[in-house]
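Take a look at the structure below.
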Amino acid sequence: MTPYPIPQRQHWMRILALTPPERLAEVLSPALLAEHDAHWLRRPETGLVMLRGRAGGTGAQFNLGEASVTRASVSLAGQIGHAWVRGSNAQHAELAAIADALLQCPAHHADLIASVITPLSAELAERRATASRATAASKVEFFTMVRGD
């Protein structure tokens, strides 16, 4: 059982899954990764998951479609790390699983939150804000004219 609350772990797993794999490899120190002996419980595997939606956001559930995901599990530093990432990038799943295991390790947790999760979270927020601004710039206002009055 993890000593960290589920919402906290969900937060860092979201950040790890949404970070581009090249950036994730860059921020995870190679020295940090090399000092541990990883035992792979599940090597990266790519498959499909069914995406479910709700009519109107709250109505009846329906199958929206499928998405490819890659998952991996590793035992590292006395912890078990898991990762599910969208797409078929095995390296991304491996890095996220390693980071999850190290984030659960009390010896590395504070350093990784400060040096990895916090900066990546800020970068994700900036990418979303940029995309939101680009979308807002193309917004079209429609109006209705009443005929016959």
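Results, tabulated for the structure shown:
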read-out	value
Estimated 222 nm signal from helices in the chain, with DSSP H stretches of n ≥ 4 weighted -39500 (n - 2.57), rounded to 500	-13500 deg cm²/dmol
Hz values of 3J(HN,Hα) by residue in region 80-87 - Karplus curve (6.51, -1.76, 1.60), Gly and Pro given as x	10, x, 10, 8, 10, 10, 6, x
Between 0 and 90°, nearest 10: helix 6-18 axis offset from the chain longest Cα axis	80
Rough spin-label spacing in nm, given labels placed 7 Å along Cα→Cβ, for Trp40 and Arg9	2.3
Loop-located trypsin sites (Lys or Arg not before Pro) in region 81-143, at most 15 other Cβ atoms within 10 Å (DSSP)	Lys139
Highest average packing first - 39-45, 76-82, Cβ atoms within 10 Å	76-82, 39-45
Segment Leu51-Ala90, length gained on full extension (0.36 nm per residue, minus Cα span)	12.0 nm
Descending Cα extents along the principal axes, region 18-98, whole Å	50, 25, 20
Angle in degrees between helix 90-104 and the longest Cα principal axis of the chain, rounded to the nearest 10	70
D (Stokes-Einstein, µm²/s), Kirkwood Cα radius, the chain, 0.692 mPa s at 37 °C	186
Order by protection proxy (mean Cβ within 10 Å, highest first), peptides 94-104, 112-122	94-104, 112-122
Environment charge at Phe62 (Cβ cut-off 9 Å; Lys +1, Arg +1, Asp -1, Glu -1)	+2
In degrees, nearest ten, helix 118-137 long axis to first principal axis of the chain (Cα)	20
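Values in this text are rule-based calculations from the coordinates and carry no lab data. Since this is a predicted model, take the numbers as computed values, not measurements. Counting neighbours? That spans all protein chains shown, and the Cβs are built from the backbone with ideal geometry, glycine included.
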